[in-house]
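Heads up, the thing below is written out as structure tokens.
The values are calculated or read from the model by the stated rules, or taken from the named source; none is laboratory data. Here the structure is a predicted model, which means the values were calculated and not measured. In this analysis, Cβ positions are derived from the backbone assuming ideal geometry, glycine residues included, and neighbour counts consider all displayed protein chains.
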Amino acid sequence: MEAYFFDWLNLFFRWFHVVAGIAWIGASFYFIWLDLSLREPPQWKKDKGIKGDLWSIHGGGIYEIAKYQLEPEAMPKKLHWFKWEAYTTWLTGFALLSVMYYWGAEQYLIDPSKMDLTQWQAIAISLGFLVGGFIFYELLIKSPLQHSAKLFAVVLFLGLTLAAYALGEIFSDRAAYLHVGALIGTIMAGNVFFGIMPAQRELVRAIEAGEKPDPKPAAFAKLRSTHNNYFTLPVLFIMISNHYPMTYAHEHAWLVLALISFNAAFVRHYFNLKHQDNHQPWILVAGAVMLFSIIGFMLPKPIETHSDVISDARAVQISEQRCAACHAQEPSHPAFASAPAGLYLETLDELVAQKPMILQTVKTGYMPLANMTKMTDEERAQLVQWASQSD
Ligand code: HEC
């Protein structure tokens with residue numbers, strides 16, 4: 001019964017998280033595009049304090065958008081803020097993290113072959129990473145490095161890569177990736193909560209009080225919002241990476257993550273330049289070359305096969321002992337109400353149908369999950385060999 005509610009909470013928060021994330025990242029894409037697409041307005045608009053305008057068409061109508069340098073002539077009755085997209089994404093993300101990796105710590109967070117932590121130790125380390133990483137970013141952005149975009153990016157990138165490496169030494173492979181994503185998400189939400197919102201509140205307060213607004217906090221808020229924009233593609237990659245053990249369970253998973261994230265942010269840069277009519281197609285070409293290099297780098301090593309063929313009966317026997325506790329019509333493992341990933345590994349036909357997936361997940365060590373069924377190295381080698389034998 002507990003497993004059933006675990007699944008439901010997991011599903012509910014995941015669904016909510018994705019919806020909120022779409023709203024947030026959609027708004028980020030839209031506003032960065034909007035800002036970079038503003039062009040010099042006609043004189044009569046400039047006289048009103050408008051610094052740029054643009055026209056667009058959507059949903060059967062034409063929009064005229066104008067951005068003020070700082071303050072409009074009068075505050076409108078209704079001013080739309082964009083903050084709940086960010087807060088909801090973070091809150092649902094943290095709820096999902098708590099259900100899946102804290103409640104389900106034994107299945108998903110802890111990997112005893114790396115570090116044999118108790119549930120509470122693992123949770124404490126996880127929270128420590130999120131808080132520590134967030135503080136690291138806040139110190140960085142308030143340091144003089146904020147004035148040098150390139151240097152800032154290098155230090156931040158190295159910091160996150162180090163975090164990915166360290167997490168990979170502590171937690172299960174999948175949890176390590178997820179934590180880098182959670183850290184980036186926390187930094188992004190923190191940018192909104194601690195940086196962008198206070199600056200905007202101050203702007204509105206100054207305008208309403210009839211004071212001349214200080215342009216500095218607004219410019220700083222813009223910097224934070226630009227950082228968030230570059231984070232979007234890496235964080236989305238991490239969100240979907242958990243479907244691809246070839247990434248997070250790679251023997252150099254941290255490096256794979258660093259390379260893919262760098263490439264993704266680089267491609268984002270192409271679009272941000274393009275919005276300003278600055279076409280740099282070489283970025284896309286370089287991105288493609290990098291992607292192919294990463295694919296080459298990640299190429300699975302050929303499997304060492306032994307001369308003796310592993311029989312089908314032996315494969316079924318291993319699966320019965322090490323896989324079927326979870327992957328069965330009626331799992332005997334208490335953490336699972338139904339077969340995880342909808343995958344049954346009880347009969348020979350089922351095993352044969354899943355050969356490629358079995359090969360990948362068992363070879364990388366991702367399955368059996370957290371090796372909860374205590375598969376031996378020899379059994380692993382035999383199952384991998386069986387799965388790589390042609391029928
Ligand atoms: C303790 C429970 C448990 C055991 C034992 C277990 N698995 Fe899994 N397996 C899972 C869970 C949970 C998932 C879903 C993970 C996810 O969502 O990425 C999964 C997913 C899979 C997938 C699909 C992966 C994907 O990306 O869709 C394969 C293939 C798989 N397991 C194979 C095996 C094999 C082979 C064994 C035995 C050697 C095994 N599992 C043992 C829990 C288990």
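When the residues of region 291-328 are filtered to those that are hydrophobic (A, V, I, L, M, F, W, C), within 29 Å of the chain's Cα centre (by Cα) and near the ligand (Cβ under 10 Å from one of its atoms), which remaining residue is surrounded by the most Cβ atoms within 10 Å (Cβ to Cβ)? Reasoning before the result, please.
The first filter runs over region 291-328 and keeps only residues hydrophobic (A, V, I, L, M, F, W, C), leaving 291-292, 294-295, 297-299, 303, 309-310, 313, 315-316, 318, 323-326, 328.
Add one more test, that the residue is within 29 Å of the chain's Cα centre (by Cα), and what stays is 291-292, 294-295, 297-299, 323, 326.
Applying the additional criterion that residues be near the ligand (Cβ under 10 Å from one of its atoms) yields 323, 326.
Details: C323: 27, C326: 23.
Here the answer is C323.
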Going through region 244-263 in order, the residues found to be within 16 Å of the ligand (Cβ to nearest atom), surrounded by fewer than 20 Cβ atoms within 10 Å (Cβ to Cβ) and not in a helix (DSSP H, G or I) are Y244, H250
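Check whether at least one residue in region 79-95 is over 33 Å from the mean Cα position of the chain (by Cα) and at pLDDT below 95, and report yes or no. Break it down stepwise before answering.
Pass one, region 79-95, residues over 33 Å from the mean Cα position of the chain (by Cα): none.
No - not one qualifying residue is present in region 79-95.
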Those residues of region 10-22 which are crowded, with 16+ Cβ neighbours inside 10 Å and of a type in the set (A, V, I, L, M) amount to A20
Pairs returned, first residue in region 353-380 that is farther than 13 Å from P245 by Cβ, second residue that is more than 9 Å from the ligand (Cβ to nearest atom) and of a type in the set (S, T, Y), beta-carbon separation under 9 angstrom, 6 or more apart or interchain, are Q354/Y344; K355/S388; A370/S113; A370/S172; N371/S113
Only one of (1) in contact with a helix residue (DSSP H, G or I) (Cβ under 7 Å, 6 or more places away or on another chain); (2) closer than 20 Å to T88 by Cα does not apply to L156, and that is (2)
Scanning region 136-148 residue by residue, those surrounded by 12 or more Cβ atoms within 10 Å (Cβ to Cβ) and without any contact (Cβ under 8 Å) to a residue 12 or more places away in the chain turn out to be L145
Scanning region 329-345 residue by residue, those more than 10 Å from the ligand (Cβ to nearest atom) and among the hydrophobic types (A, V, I, L, M, F, W, C) turn out to be A337
Subset of region 73-121, residues within 16 Å of the ligand (Cβ to nearest atom) and either among the aliphatic types (A, V, I, L, M) or without any contact (Cβ under 8 Å) to a residue 12 or more places away in the chain (or both), comes to L96, L97, V99, M100, A105, L109, I110
TODO: Using the structure shown, decide if H252 is under 22 Å from I294 (Cβ atoms) and at pLDDT 90 or above.
DONE: yes
Report whether or not Y101 is part of a helix (DSSP H, G or I), at pLDDT 95 or above and not charged (D, E, K, R). yes
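For region 299-391, give me every one of the helices (runs of 4 or more DSSP H) that falls completely inside it and has 3 or more residues that are not hydrophobic (A, V, I, L, M, F, W, C).
Details: elements: 312-322, 348-353, 355-363, 377-388.
Answer list for region 299-391: 312-322, 355-363, 377-388.
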